[in-house]
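Shown next, in structure tokens, is the structure this report addresses.
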Amino acid sequence: MKLKEFWGKLKKEKSIAIFIHARPDGDCIGSAFGLKHYLKLFLTQKVEVFCDDDIPEKFAFLMKDEVIHKDFFGEYSAYLSLDCASETRMGKFADIFSAFPNTYNLDHHVSNTNFAKYNCVIDNSSNSENVFNLMKSGIMVIDEAGANFLMMGIMTDTGNFKHSD
């Protein structure tokens, strides 16, 4: 699915549960909280981020009031997987995700199994680039808070711009 079509569907959702992979790295954290920031800022949606593990201390400086949930709660109109090439990367949340009928998958891994109802897999050096391009396709203004999350993802997945994948 093309990015613009993916965005057209996603922006209509009233509430979104974002799932990222276990043992989170800078890219899955950056893409998840960058997207959460923009969805809440521009679309005033209910958005929460779920992960099997805690955020590593080295990324805590950017988190401020952000929370990653290790237990699932609430009702959502859509579930969104970010930076996961397969459902199994979501750890204990894989079964919750796969049982839900309205799922989205935004990823940059060419090995992605297209496990969601709506899949947008674009080969970039980081998934944060995909979120950035998603925001651009939605003609959203990039602000400092969102840019910091996305930059963290891009920096960590490129080894500070030393490699492209």
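The values are calculated or read from the model by the stated rules, or taken from the named source; none is laboratory data. Every value quoted in this text rests on a predicted model; they were computed, and no experiment measured them. Backbone-built Cβ (ideal geometry, glycine too); neighbour counts: all protein chains shown. Ligands, DNA and RNA are stripped out before the accessible areas are found, and what is left, the full protein with its side chains, is counted by its heavy atoms. Shrake-Rupley method; radii C 1.70, N 1.55, O 1.52, S 1.80 Å.
Normalised by the number of residues in segment 47-119, what is the relative contact order in percent for Cα pairs under 8 Å and 6+ residues apart?
Values: 90 pairs, mean separation 21.1, N = 73.
Computed over segment 47-119, the figure is 29 percent.
Can you find, among 69, 148, 38, the residue farthest towards the positive end of the dipole of the chain? Put +1 on the C-beta of Lys and Arg, -1 on that of Asp and Glu.
38
Run through segment 29-105 and list the trypsin sites (Lys or Arg not before Pro) located in a DSSP loop whose Cβ has at most 13 other Cβ atoms within 10 Å.
64, 70
Just list whichever of 2/58; 14/136; 9/136 have alpha carbons separated by over 25 Å in the model shown. Provide the component values of the computation, followed by the final result.
Working: 2/58 34 Å; 14/136 21 Å; 9/136 15 Å.
Table pairs above 25 Å Cα-Cα are 2/58.
Work out, step by step, the length gained on full extension between residue 71 and residue 114: first 0.36 nm times the residue separation, then minus their alpha carbon distance; give nm to one decimal.
Values: separation 43, 0.36 × 43 = 15.48 nm, distance 2.48 nm.
The span from residue 71 to residue 114 would gain 13.0 nm if fully extended.
Using a Gaussian network model of the chain whose springs link C-alpha atoms within less than 10 Å, name the residue from 15, 77, 128 with the highest mean-square fluctuation.
Its mean-square fluctuation being the largest, the pick is 77.
Ignoring chymotrypsin sites (Phe, Trp or Tyr not before Pro) that are buried or in helix or strand per DSSP, and keeping those with at most 16 other beta carbon atoms within 10 Å, what is the longest stretch of the chain between them?
Details: sites that count: 72, 73, 161.
In short, 74-160.
Sort segment 117-159 into rounded, prolate or oblate with this rule: let a ≥ b ≥ c be the square roots of the eigenvalues of the Cα gyration tensor; rounded if a/c is under 1.5, and if a/c is not under 1.5, prolate when a/b is larger than b/c, oblate otherwise.
On the way: a/c = 2.45, a/b = 1.07, b/c = 2.30.
Verdict is oblate for segment 117-159.
Based on the alpha-carbon gyration tensor of segment 1-41 and its eigenvalue square roots a ≥ b ≥ c, which shape applies: rounded if a/c is under 1.5, prolate if not and a/b is larger than b/c, or oblate?
Details: a/c = 2.10, a/b = 1.63, b/c = 1.29.
Prolate, since a/c reaches 1.5 and a/b exceeds b/c.
How far apart, in nm, are the 7 Å Cα→Cβ label points at residue 155 and residue 41?
Each label point lies 7 Å from its Cα, and together they span 1.7 nm.
Could you identify which residue out of 119, 130, 102 has the top mean-square fluctuation in a GNM of the chain using Cα springs shorter than 10 Å?
102
Ignoring everything but the protein chains, give the 1.4 Å probe accessible area of residue 136 in square angstrom, nearest 10.
Residue 136 exposes around 110 Å² with every protein chain in place.
Rounded, prolate or oblate: which fits segment 45-139 when a ≥ b ≥ c are the square roots of the eigenvalues of the alpha-carbon gyration tensor, with rounded for a/c under 1.5 and prolate only if a/b beats b/c? Provide the component values of the computation, followed by the final result.
Numbers: a/c = 1.37, a/b = 1.07, b/c = 1.28.
Taking the square roots of the gyration eigenvalues as a ≥ b ≥ c, segment 45-139 is rounded.
Above 24 Å lies some portion of the pair distances; for the chain, what is it as a whole percent of all C-alpha pairs? Could you put the intermediate results ahead of the total?
Numbers: 3290 of 13530 pairs.
Result for the distance tail: 24 percent.
Kindly provide the helix-only [θ] at 222 nm of the chain, computed as the sum of -39,500 (n - 2.57) over DSSP H runs of four or more divided by all residues, to the nearest 500 deg cm²/dmol? Write down the numbers at each step before the final one.
Values: 6 runs with 61 residues, N = 165.
Rounded to the nearest 500, it is -11000 deg cm²/dmol.
Hey, if we sort 68, 96 by accessible area with the 1.4 Å probe, largest down, what's the order? Each step should come with its number before you reach the end.
Working: 68 30, 96 60 Å².
My answer, sorted largest first, is 96, 68.
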